[in-house]
1. Pop the C-beta distance of Glu176 and Ser287 into the FRET formula with R0 = 30 Å and round what comes out to the nearest 0.05.
2. On alpha carbon coordinates alone, what is the Rg over Rh value for region 191-277, Rh being the Kirkwood radius?
3. So if I place +1 on the C-beta of Lys and Arg and -1 on the C-beta of Asp and Glu, and nothing else carries charge, what would the dipole magnitude of region 3-135 be about its Cα centre? I want it in debye, nearest 20.
4. What percent do you get for the relative contact order of the chain when only Cα pairs under 8 Å and 6+ apart count?
5. Along the charge dipole of the chain, pointing to its positive end and built from +1/-1 on Cβ of Lys, Arg, Asp and Glu, which listed residue (Leu192, Pro49, Gln258) has its Cα farthest out?
6. Sort Ser329, Ser228 so that the residue with the fewest other Cβ atoms within 10 Å of its own Cβ comes first and the one with the most comes last.
7. Given a cut-off of 20 Å, what percent of all Cα-Cα pairs of region 3-135 lie beyond it?
8. Starting at the first residue of region 253-262, write each ³J(HN,Hα) from the Karplus equation 6.51 cos²θ - 1.76 cosθ + 1.60 with θ = phi - 60°, in whole Hz, x for Gly and Pro.
Amino acid sequence: MTDSSFMLEALELAKKGKFTVQNGVCVGCIISKNNEILGQGWYEYYGAPHAEIKAIESVKDKYKEDYKEVLSDSVLTVTLEPCSTFGKTPPCLDEILKHNFKKVIIGALDPSQSSVEKLKAAGIEVLLEEVPSDLNNGFFSALLHKKPYVRAKIAMSEDQKISFINDYQQWITSAESREDGQQYRALSDLILTGSGTIKRDNPLLNVRNKEITKLKGFEQPARGIITSSKLESSLNFFSTQGKKYIFCKDQNIFENFQQNEEVSILEIENTENNKINLKELLKKIHSLKINDILLESGPTLITSFINEDLIDEFIIYIAPKMLSNTALSFFNGDESKSPFHSKQFKLIEESIIKKDKKLIFKRI
């Protein structure tokens, strides 16, 4: 086993933080010597010690007073460039430079940091070993494109219908598919929907998977509504704890609505046809330091996001049934923009859950 092969193991460590880092980043780190692992760590939750620090500490704990000798001439493999600036915690680079590492292998560069140059200046060999990973899409989208990463989660029938015209039914896909979808809520900083969905389904929009919610450091994602009309404060959206955002085109309609630490009402500028400007909405959400959005809504809002080319990834569950004229199509626009036909999207995953088909399309 070569030193570089530990990157895949570091990546597996990084995945352990995917539900708990919130708007932080998933990072894994392994320290090795003579092709044997000496220590390891990962970023567990927002505000916790970084992966590199945890890995160094694990060596200290294991080797006690001999840890400096053990660390000397060892290799540090980390999935993301170590931080060189102060943030929630001190820079990892400072701690790394205290030890005589022979080599640092990095899985992805962080344009906001300058550790590579400083490591090289200290005489440490630096190698870049890029590995494909979707772990930190939101982080890089915010950093490079100044916008959140937008996933759309859609449950539909085989004829691509998602919303019953009459409200006598609510679920299209199986309970197993709905449970699978919980992970995408947990991966998100914000679950976003429209007022139509809120008024019709009265959803909680929270994570209810107990295996996820019991994780150390887990916090429920924020919830957001895009609306142009008043909302009742008795809705489940408001009755559950956690940060909530109301995005509207006129704050005056909520002049008697109680704002507090949990509820914020934010006005978004309108388009020429008097609708909320979705591009400006994403700019506002970016300014709130929200990196990952999960869009769960009806066909009107989904169609608007697709028409504006604002969705980066589609998670689609398809039930083996035809709803015909009892329900509405998920998308009412130019078929060339649909993920099923658009050349801008690629099918990256296809699986079966119970009797449902699960498809993941990602922007190329």
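Rule-based calculations on the coordinates, nothing more; no lab input. Fair warning: this is a prediction, and the values are worked out from it, not measured in the lab. We place every Cβ from the backbone using ideal geometry, glycine too, and count neighbours over all the protein chains shown.
1. Details: r = 38 Å, r/R0 = 1.25.
FRET efficiency, Glu176 to Ser287: 0.20.
2. Details: Rg = 14.1 Å, Rh = 14.0 Å.
Result: Rg/Rh = 1.01.
3. On the way: 15 positive and 21 negative charges, 52 e Å.
So the dipole magnitude of region 3-135 works out to roughly 240 debye.
4. On the way: 754 pairs, mean separation 59.7, N = 364.
Computed over the chain, the figure is 16 percent.
5. Gln258
6. Details: Ser329 18, Ser228 15.
If I rank by nearby Cβ atoms, fewest first, I get Ser228, Ser329.
7. Details: 3252 of 8778 pairs.
Percent of Cα pairs beyond 20 Å in region 3-135: 37.
8. 5, 10, 4, 9, 8, 6, 8, 8, 4, 8
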